[in-house]
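The values are calculated or read from the model by the stated rules, or taken from the named source; none is laboratory data. Keep in mind it's a predicted model, so treat the numbers as computed, not measured. Neighbour counts run over all protein chains shown; Cβ positions are idealised from the backbone, glycine included. The accessibility values were calculated without ligands, DNA or RNA, using every heavy atom of the protein model including side chains. Shrake-Rupley method; radii C 1.70, N 1.55, O 1.52, S 1.80 Å.
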Amino acid sequence: MAVCGPNSLMWFRKSLRIHDNPALEYAAATNGGGGQSGCLYPVFVVDPHYMEPDPTAFSAGSGRAGLNRIRFLLESLVDLDCSLRKLGSRLLVLKGEPAEVLIRCLKKWDIKRLCFEHDTEPYYQALDIKVKDYASAAGVEIFSPVSHTLFNPADIIQKNGGRPPLTYQSFVKLAGHPSWASSPLSTTISWLPPVGNVGNSKISNVPTLKELGYEDIIQDESTPFRGGESVALERLRAAINDKEWVAKFEKPKGNPSAFLKPATTVLSPYLKFGCLSSRYFYQCIQEVQKNVKSHTLPPVSLLGQLLWRDFFYTVAYGTPHFDQMEGNRISKQIPWNVDDRLLAAWRDARTGFPWIDAIMVQLHKWGWMHHLARHSVACFLTRGDLFVHWEKGRDIFERLLIDSDWAINNGNWLWLSCSSFFYQYNRIYSPTSFGKKYDPNGDYIRHFLPILKDMPKEYIYEPWTAPLSIQTKANCIIGRDYPKPVVSHDTASKDCKRKLAEAYELNKKLNGSVSEQDLKFLRRKFEEYQQKGQQPESKKPKNL
């Protein structure tokens, strides 16, 4: 007869899956004495910080997340609950400040073992300290394995002498081959212990949007991507079955204007919420590569993309204030514009550049766009044209993307604004010619900006150049039906390039120790140039 073990609590946060979930396996099967758990309490806490409606936000959703991402999360939770029920369990949904809720549950349910996936985000790190402090003092065993990433960021940082590696190449060299990669991962669970008595705790099913306080919002087009482990594994199988595509995948390539059938796996939101294990994905790609004659290699291969993810996680974990410019030791200090008018035009798809605006409409409607499309709009907002602070763009992406991931989102904005990692600020994504390379007819623009659907292809990327007769025939008068460009790209990009050159020079001169006073001085200098209409000579930016 098996020894009855203690009660366990599995705290789901991002590991919203059954496959390759070490925390869930441990909670279900191990008590240190070889027997089964007593009861298992699978818990998800609806955190008002992320889920409570914010009527003051610029789009439907909470203070931190847009409706698309909240819906995706709820779908993922419904799918997880369904999987747990098939195993004789269920998801216990509670609401409140997570640390307080967890501590209350540990007390009420006589929990002796607390299991949850390790998380490197500052928000979760702070929560975990509160919960762990209580659990340790109360004699509760804690099991918090690293399974959201391929490597443990702390191990990489330790190998590098206490600091994160700041280049992809040095990261890959340090990281080597994952220790678990050669052994099969556990992808199924056949049984779970029963849920114990929850007493008078306020347990609910996974709430609907309406139950969370969101009104019925009619969207003419919403994200085509549904949340959940089941969908994630279907998408993974579809991608992996196309062995030639996996073998030939090359990151810089791919069509950012492809929307009916996106030119990527679109697995990023599933990795973000842990509906798909990055470790299992890694092994599936490895299996394909073993059975093909040749394949692309990191950094451009599909495997290389998973390594990029871990690279950003590691740098983010080891860099204080990674999500801001000030106090961030790896970020260039740059006197970005504070211009709410330009920021709003970019956010609301009113820049007058159809390629940029179509991408921003896709972001609002789908919560997702191709990585090269993200590059285009991020460059345009920051170092390419508008010279608006990357933190402002980051906040909007963080809210609207269904795959918004703290480490990756901040890492990419630091990169694309040339604040860190990448410094070739003269290489600018053209807001007109870049999209035209992929979609000369402008089908992507016509879909997401239907006001321009009848504009001839000769003018679709620069409709302000169309004669009035053409605009009239296309039922789109520029300046009335669709905005005029907020800037002249040629002038603005030269201006951005000059500002960055001066900011880089200042960072170099002061060895990175640039104060707010130094930035104010540089801003005044830029304003004087503008007032005098001076445009110092600079090399023409290279448009991509």
- Shape call for the stretch 1-160, from the Cα gyration tensor axes a ≥ b ≥ c (a/c under 1.5 means rounded, otherwise prolate when a/b beats b/c, else oblate), comes out prolate
- Note on the structure: With the charge dipole of the chain built from beta-carbon charges (+1 for Lys and Arg, -1 for Asp and Glu) about the Cα centre, the Cα from TRP368, VAL46, SER144 projecting farthest to the positive end belongs to TRP368
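First compute the accessible area of the chain with a 1.4 Å probe, then give the percent of it belonging to carbon and sulfur atoms.
In the chain, the share of accessible area belonging to carbon and sulfur is 51 percent.
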- For every other residue with a beta carbon closer than 11 angstrom to the beta carbon of LEU92, add +1 if it is Lys or Arg and -1 if Asp or Glu, then tell me the sum. +1
- Mind putting a number on the dipole of the chain about its Cα centre? Charges go on the C-beta only, +1 for Lys and Arg and -1 for Asp and Glu, and I need it in Debye to the nearest 20. 1140
- Item | Listed residues TRP336, TYR313, GLN324: farthest to the positive end of the dipole of the stretch 284-395 (Cβ charges) | TYR313
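Considering only the other residues whose Cβ falls under 11 Å of the Cβ of PRO122, what net charge follows from Lys and Arg at +1 and Asp and Glu at -1? Write down the numbers at each step before the final one.
Numbers: positive: none; negative: ASP119, GLU121, ASP128, ASP323.
Every neighbour counted, the sum reads -4.
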- Task: Mark the label point 7 Å from the Cα of LEU510 along Cα→Cβ and return the residues of the stretch 392-434 whose backbone N is within less than 13 Å of it.
- Result: none
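What accessible area per residue, rounded to a whole number of Å², is obtained for the stretch 367-521 using a probe radius of 1.4 Å? Before the final figure, lay out the partial values.
On the way: 6100 Å² over 155 residues.
Normalised by residue count, the accessible surface of the stretch 367-521 is 39 Å².
Grab the Cα-Cα distance for GLN424 and LYS532, subtract it from 0.36 nm times how many residues apart they are, and report the gain in nm with one decimal. Each step should come with its number before you reach the end.
Details: separation 108, 0.36 × 108 = 38.88 nm, distance 2.80 nm.
Extra length from GLN424 to LYS532 when fully extended: 36.1 nm.
Stretch ASN441-THR56 to full length: gain in nm at 0.36 nm per residue minus the Cα-Cα span?
134.7 nm
Over the stretch 446-486, calculate the relative contact order: mean separation of alpha carbon pairs under 8 Å at least 6 apart, over the residue count, as a percent. List each step's numbers first, then the result.
On the way: 32 pairs, mean separation 14.8, N = 41.
In percent, rounded to a whole number, it is 36.
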- Taking K and R as +1 and D and E as -1, what net charge do the other residues with C-beta under 12 Å from the C-beta of LEU519 add up to? +2
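Note the full-extension length gain between LYS261 and GLU244 as 0.36 nm times their separation in residues minus their Cα-Cα distance, in nm to one decimal. Spell out each step's value before the answer.
Working: separation 17, 0.36 × 17 = 6.12 nm, distance 1.70 nm.
So the chain would gain 4.4 nm between LYS261 and GLU244.
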- So which trypsin sites (Lys or Arg not before Pro) in the stretch 198-243 pass both tests, a DSSP loop state and at most 14 other Cβ atoms within 10 Å of the Cβ? LYS202, LYS210
- Query: Under the classification rounded if a/c is under 1.5, otherwise prolate if a/b is larger than b/c and oblate if not, where does the stretch 271-343 fall, given a ≥ b ≥ c as square roots of the Cα gyration tensor eigenvalues?
  - Reply: prolate
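Please compute the volume of the convex hull spanned by the alpha-carbon atoms of the stretch 344-452 and report it per residue in Å³. Please report the intermediate quantities before stating the final value.
Working: hull volume 10.0 nm³, N = 109.
Expressed per residue, the convex hull around the Cα atoms of the stretch 344-452 is 92 Å³.
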- Under-5 Å amide H pairs with ILE428, H placed in peptide plane, nonlocal only: LYS542, ASN543, LEU544
- Item | Per-residue HN-Hα couplings for the stretch 277-285 [Karplus 6.51, -1.76, 1.60; θ = phi - 60°; Hz; x = Gly/Pro] | 6, 5, 5, 5, 4, 4, 5, 5, 5
- Item | Accessible area per residue, Å², the stretch 139-268 with all protein chains present, probe 1.4 Å | 57
- Message: Placing +1 on the Cβ of each Lys and Arg and -1 on the Cβ of each Asp and Glu in the stretch 203-258, which of ALA238, GLY228, THR208 has its Cα farthest towards the positive end of the resulting dipole?
- Response: ALA238
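Would you please give the FRET efficiency between ASP155 and LYS484, computed as 1/(1 + (r/R0)^6) with r the Cβ-Cβ distance and R0 = 41 Å, to the nearest 0.05?
Working: r = 53 Å, r/R0 = 1.30.
That gives a FRET efficiency of 0.15.
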- Is the stretch 179-301 rounded, prolate or oblate when judged by the Cα gyration tensor, a ≥ b ≥ c being the square roots of its eigenvalues, rounded requiring a/c under 1.5 and prolate requiring a/b larger than b/c? oblate
- Query: With labels modelled as points extended 7 Å from the Cα through the Cβ direction, what inter-label distance (nm, one decimal) is found for ASN205 paired with ASP340?
  - Reply: 4.3
- Message: At a threshold of 8 angstrom on Cα-Cα distance, excluding pairs fewer than six apart, so keeping six or more, what relative contact order does the chain reach in percent?
- Response: 15
- Taking H as built 1.01 Å from N, whose amide H comes closer than 5 Å to the amide H of VAL46, not counting residues under 5 places away? LEU94, LYS95, GLY96
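Mind putting a number on the dipole of the stretch 243-302 about its Cα centre? Charges go on the C-beta only, +1 for Lys and Arg and -1 for Asp and Glu, and I need it in Debye to the nearest 20. Intermediate values should be presented prior to the final figure.
Working: 9 positive and 3 negative charges, 7 e Å.
Charge dipole, the stretch 243-302, about its Cα centre: 40 debye, nearest 20.
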- Message: With every atom except the alpha carbons ignored, what do you get for Rg and Dmax of the chain, in angstroms?
- Response: 25.1, 88
